[in-house]
Structure formats: C-alpha cells, structure tokens
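Asker: This structure is in structure tokens; I'll ask about it shortly.
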Amino acid sequence: MTVVETERLCIRKITDADAQDLSKVLADPTVMKYSTVGVHSEQQIHEYIVNCQKQYALNGYGHWAIFDSSTFEFLGVCGLNKHEIDLGEVIHINYRLATNQQGKGYAVESTLGVLYFAKHTLKLEAIHALIEPENTSSVKVVNRTGFKFIEASSFCGFKIDVYQVAL
C-alpha cells in the first residue's frame, strides 16, 4: 500500500479505514478554503475514498494519505489528478494538510516524494500545479519544489495560476 517513503513520511493508498482521519482535512473549512469542491460531508468523504481507489486502478495514481513514518500519525493527503485546462489535459499535484500539521515542511516533502514517484514509477515527463493566486502557502511550496509559473487560467470557475515542473 505504500507509494513512496521520504525521510519523515509514509505516503500510501487510502483505504476505507482512513475515513475518520480524512475528516481532519476534508471536513475542515480552513484546510478546504482553496478547494473547488469545498468542505466534505461524511458521505462525500466515503465517495472520495471510493474515487481514490478507482483512480489507483484506472491511472496508477490518485490521492494518497500522508503519515508520519515514526509515529504513524495522519498528517494529510497528497496526490495527482488529471484535468482539462486551457493548456489541454494535464496531470497536476495537490496536497492538503491537517491544520495542526501545517508549517512543518510536510507539503514540500510530500510534493518531492510524489514527484519522485511520478518520474520513476509513472515515467511522466512533467507535473503541473493549479493554484489560486491568493493561496500563497501553496505558491511557496511549488516554488520550493522546482515548479515554474506558466500562465494564468481558470479551472472549475476559479481563477488559477498554472505551474509546471519538468521531471
């Protein structure tokens, strides 16, 4: 079930047993502030889990759970999605950390882990990030992990900036 391990993190497939942990992220209005789908209900969290599992089977990627390698504490989610934007179809990264886990470098570390997986396992050539310009924390993460600004665009009715990193 483990997708990738980093110095401090274990990133693994999401299972039904993760529903309660996922609510720490997906049901938190602060964490979901920049989400195109908003805060999740309990039913939506279960649908999210089913969708993640479908994406693993269909694409070999999706959203994964992030855990502290030493304490096994749930930290958040990260992963890859495929969407159509003005540039065409792109695979983009996203991440959401529980409020009490933010500011500890986990977003950068999990992003680097996912990029490693994308390059070495999925054999992808580039990954994108779709970020609302006001989401300065995510902009800092992509800047620290090698992404470069490509263009301003829109996604699901939101103004976004598109970033890309070559793998």
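The values are calculated or read from the model by the stated rules, or taken from the named source; none is laboratory data. Given the structure is predicted, the values throughout are model-derived calculations rather than measurements. As a convention, Cβ positions derive from the backbone with ideal geometry for all residues, glycine included, and neighbour counts pool all protein chains shown.
Asker: Scan GLY113, GLY103 and give me the residue that is at pLDDT 95 or above and either touching a Phe, Trp or Tyr at 6+ places or on another chain (Cβ under 7 Å) or in a helix (DSSP H, G or I) (or both).
Answerer: GLY113 is the lone residue from the list that is at pLDDT 95 or above and either touching a Phe, Trp or Tyr at 6+ places or on another chain (Cβ under 7 Å) or in a helix (DSSP H, G or I) (or both).
Asker: Related question: Among residues belonging to the stretch 27-82 that are within 17 Å of ILE131 (Cβ to Cβ) and crowded, with 18+ Cβ neighbours inside 10 Å, point out the one that is farthest from the chain's Cα centre (by Cα).
Answerer: This residue is VAL31.
Asker: Another question, then. When the stretch 137-154 is examined, which residues are found to be surrounded by fewer than 18 Cβ atoms within 10 Å (Cβ to Cβ) and either more than 16 Å from the chain's Cα centre (by Cα) or outside any helix (DSSP H, G or I) (or both)?
Answerer: Hits for the stretch 137-154 are GLY146, LYS148, PHE149, ILE150, GLU151, ALA152, SER153, SER154.
Asker: Is there a residue in the stretch 1-20 that is outside any helix (DSSP H, G or I), modelled with pLDDT under 95, among the aliphatic types (A, V, I, L, M) and loosely packed, with under 14 Cβ neighbours inside 10 Å?
Answerer: Yes, that holds for at least one residue.
Asker: Could you tell me whether GLY60 is out of contact with any strand residue (DSSP E or B) (no Cβ under 6 Å at 6 or more places or on another chain), in contact (Cβ under 8 Å) with a residue 24 or more places away in the chain and not aliphatic (A, V, I, L, M)?
Answerer: Here the answer is yes, as GLY60 does meet what is asked.
Asker: For the stretch 24-53, enumerate the residues that are in a loop (DSSP other than H, G, I, E, B), in contact with a strand residue (DSSP E or B) (Cβ under 8 Å, 6 or more places away or on another chain) and modelled with pLDDT of 95 or more.
Answerer: Selection gives VAL31, MET32.
Asker: State all residues of the stretch 116-136 that are assigned to a helix (DSSP H, G or I), more than 24 Å from VAL4 (Cβ to Cβ) and of a type outside the set (Ser, Thr, Tyr); if no residue qualifies, say none.
Answerer: Hits for the stretch 116-136: nothing passes.
Asker: Looking only at the stretch 67-119, which residues are closer than 23 Å to GLN164 by Cα, without any contact (Cβ under 8 Å) to a residue 60 or more places away in the chain and among the charged types (D, E, K, R)?
Answerer: Scanning the stretch 67-119 gives LYS82, GLU84, GLU89, LYS119.
Asker: Next question. Could you please tell me which pairs satisfy a Cβ distance under 7 Å, a separation of 6+ or placement on different chains, a first residue in the stretch 1-20 that is in contact (Cβ under 8 Å) with a residue 24 or more places away in the chain, and a second residue that is among the β-branched types (Val, Ile, Thr) and loosely packed, with under 12 Cβ neighbours inside 10 Å?
Answerer: CYS10/THR2; ARG12/THR2
Asker: So which residues in the stretch 120-140 are polar (S, T, N, Q) and without any contact (Cβ under 8 Å) to a residue 12 or more places away in the chain?
Answerer: THR136
Asker: Please tell me if GLU42 is in contact (Cβ under 8 Å) with a residue 12 or more places away in the chain and more than 21 Å from VAL114 (Cβ to Cβ).
Answerer: yes
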